[in-house]
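Structure, as C-alpha coordinates:
The values are calculated or read from the model by the stated rules, or taken from the named source; none is laboratory data. On a predicted model such as this, the values are computed, not experimentally measured, just so you know. Cβ placement follows ideal geometry from the backbone for every residue including glycine, while neighbour counts extend to all protein chains displayed. With ligands, DNA and RNA removed, areas are computed over all heavy atoms of the protein, side chains included. Shrake-Rupley method; radii C 1.70, N 1.55, O 1.52, S 1.80 Å.
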Amino acid sequence: MPGTRKLGKTTDQRRAMLRQQVTDFLDNGRMESTVTRCKEIRPLAEKMITLGKKGDLAAYRKAMTFMTREDVVHKVFKEIAPSYMERSGGYTRITRTGVRRGDAAETAMIELV
(Lines give C-alpha, C1' and ligand atoms only; values in the text may rest on other atoms or scores of the structure.)
Protein backbone atom coordinates (compact mmCIF):
# COMPACT_ATOMS: atom_id res chain seq x y z
CA MET A 1 0.00 0.00 0.00
CA PRO A 2 1.41 3.39 -0.90
CA GLY A 3 1.70 6.13 1.68
CA THR A 4 1.06 5.81 5.38
CA ARG A 5 -2.49 7.11 5.62
CA LYS A 6 -4.74 4.80 7.59
CA LEU A 7 -7.99 6.58 6.68
CA GLY A 8 -9.62 5.49 9.93
CA LYS A 9 -9.89 1.84 8.88
CA THR A 10 -8.19 -1.46 9.57
CA THR A 11 -5.79 -2.83 6.96
CA ASP A 12 -8.30 -5.20 5.38
CA GLN A 13 -11.05 -2.59 5.26
CA ARG A 14 -8.68 0.01 3.81
CA ARG A 15 -7.39 -2.35 1.13
CA ALA A 16 -10.92 -3.35 0.11
CA MET A 17 -12.06 0.29 -0.01
CA LEU A 18 -9.11 1.38 -2.14
CA ARG A 19 -9.57 -1.55 -4.54
CA GLN A 20 -13.22 -0.64 -5.03
CA GLN A 21 -12.55 3.09 -5.40
CA VAL A 22 -9.79 2.52 -7.97
CA THR A 23 -12.11 0.23 -9.92
CA ASP A 24 -14.95 2.76 -9.86
CA PHE A 25 -12.62 5.62 -10.75
CA LEU A 26 -11.21 3.83 -13.79
CA ASP A 27 -14.72 2.82 -14.86
CA ASN A 28 -16.10 6.38 -14.74
CA GLY A 29 -12.98 8.43 -15.47
CA ARG A 30 -13.58 10.81 -12.56
CA MET A 31 -14.62 10.64 -8.94
CA GLU A 32 -15.21 13.03 -6.05
CA SER A 33 -13.93 12.10 -2.60
CA THR A 34 -11.85 13.56 0.19
CA VAL A 35 -8.38 14.91 -0.60
CA THR A 36 -6.58 12.21 1.38
CA ARG A 37 -8.48 9.40 -0.33
CA CYS A 38 -7.75 10.91 -3.74
CA LYS A 39 -4.06 11.06 -2.86
CA GLU A 40 -4.16 7.35 -1.96
CA ILE A 41 -6.11 6.39 -5.09
CA ARG A 42 -3.81 8.22 -7.51
CA PRO A 43 -0.70 5.93 -7.41
CA LEU A 44 -2.82 2.79 -7.48
CA ALA A 45 -4.80 3.95 -10.52
CA GLU A 46 -1.65 5.02 -12.33
CA LYS A 47 -0.10 1.62 -11.68
CA MET A 48 -3.14 -0.07 -13.25
CA ILE A 49 -2.84 2.14 -16.34
CA THR A 50 0.87 1.34 -16.56
CA LEU A 51 0.03 -2.37 -16.44
CA GLY A 52 -2.47 -1.73 -19.23
CA LYS A 53 0.27 -0.12 -21.31
CA LYS A 54 2.34 -3.31 -21.03
CA GLY A 55 -0.59 -5.22 -22.47
CA ASP A 56 0.69 -8.77 -21.93
CA LEU A 57 -1.08 -11.64 -20.19
CA ALA A 58 0.95 -11.36 -16.99
CA ALA A 59 0.05 -7.68 -16.62
CA TYR A 60 -3.63 -8.48 -17.29
CA ARG A 61 -3.64 -11.12 -14.58
CA LYS A 62 -1.88 -8.82 -12.14
CA ALA A 63 -4.50 -6.12 -12.76
CA MET A 64 -7.24 -8.73 -12.28
CA THR A 65 -5.90 -9.57 -8.82
CA PHE A 66 -6.31 -5.93 -7.73
CA MET A 67 -9.41 -4.60 -9.49
CA THR A 68 -12.80 -6.00 -8.58
CA ARG A 69 -14.50 -6.18 -12.00
CA GLU A 70 -13.19 -7.85 -15.14
CA ASP A 71 -15.04 -5.49 -17.51
CA VAL A 72 -13.13 -2.53 -16.00
CA VAL A 73 -9.81 -4.35 -16.45
CA HIS A 74 -10.75 -4.98 -20.08
CA LYS A 75 -11.64 -1.28 -20.49
CA VAL A 76 -8.28 -0.22 -19.02
CA PHE A 77 -6.33 -2.50 -21.34
CA LYS A 78 -8.31 -1.79 -24.54
CA GLU A 79 -9.45 1.84 -24.21
CA ILE A 80 -7.70 3.83 -21.48
CA ALA A 81 -4.09 2.60 -21.66
CA PRO A 82 -3.65 2.92 -25.46
CA SER A 83 -4.53 6.62 -25.23
CA TYR A 84 -1.59 7.16 -22.84
CA MET A 85 1.07 5.26 -24.83
CA GLU A 86 3.16 8.38 -25.57
CA ARG A 87 2.87 9.60 -21.96
CA SER A 88 5.37 8.33 -19.38
CA GLY A 89 3.30 9.08 -16.29
CA GLY A 90 0.94 11.54 -14.69
CA TYR A 91 -2.31 10.08 -15.95
CA THR A 92 -4.49 11.65 -13.25
CA ARG A 93 -5.28 15.12 -11.92
CA ILE A 94 -6.50 16.06 -8.45
CA THR A 95 -8.50 19.27 -8.15
CA ARG A 96 -9.67 20.53 -4.77
CA THR A 97 -13.38 21.35 -4.75
CA GLY A 98 -14.00 22.84 -1.30
CA VAL A 99 -15.35 21.52 1.97
CA ARG A 100 -18.17 19.09 2.59
CA ARG A 101 -21.11 20.62 4.40
CA GLY A 102 -21.77 17.82 6.90
CA ASP A 103 -18.35 17.34 8.45
CA ALA A 104 -16.23 20.09 6.84
CA ALA A 105 -13.93 17.54 5.21
CA GLU A 106 -11.92 18.93 2.32
CA THR A 107 -13.11 17.34 -0.91
CA ALA A 108 -11.38 16.90 -4.24
CA MET A 109 -12.08 15.64 -7.75
CA ILE A 110 -9.73 13.06 -9.24
CA GLU A 111 -9.95 12.61 -13.00
CA LEU A 112 -8.04 11.16 -15.90
CA VAL A 113 -5.99 13.71 -17.82
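Exactly one residue among T97, T65 is open to solvent by less than 80 Å² (accessible area, probe 1.4 Å) and either among the hydroxyl-bearing types (S, T, Y) or touching a residue at least 60 places away in the same chain (Cβ under 8 Å) (or both), and that residue is T97.
For segment 17-34, a tally of residues being in a strand (DSSP E or B) and either among the small types (G, A, S) or surrounded by 15 or more Cβ atoms within 10 Å (Cβ to Cβ) (or both) returns 3.
Applying the selection to segment 4-25, what residues are farther than 19 Å from T107 by Cα and not acidic (D, E)?
Going residue by residue through segment 4-25, those that are farther than 19 Å from T107 by Cα are 4, 10-13, 15-16, 19, 23.
Once the filter is applied, which keeps residues that are farther than 19 Å from T107 by Cα and not acidic (D, E), segment 4-25 yields T4, T10, T11, Q13, R15, A16, R19, T23.
Considering only residues that are touching a residue at least 24 places away in the same chain (Cβ under 8 Å), surrounded by fewer than 20 Cβ atoms within 10 Å (Cβ to Cβ) and closer than 18 Å to G90 by Cα, which ones fall in segment 51-62? Passing the criteria: only K53. Considering only residues in segment 68-94 that are of a type in the set (S, T, N, Q) and surrounded by fewer than 17 Cβ atoms within 10 Å (Cβ to Cβ), the one that is nearest to R37 (Cα to Cα) turns out to be T68.
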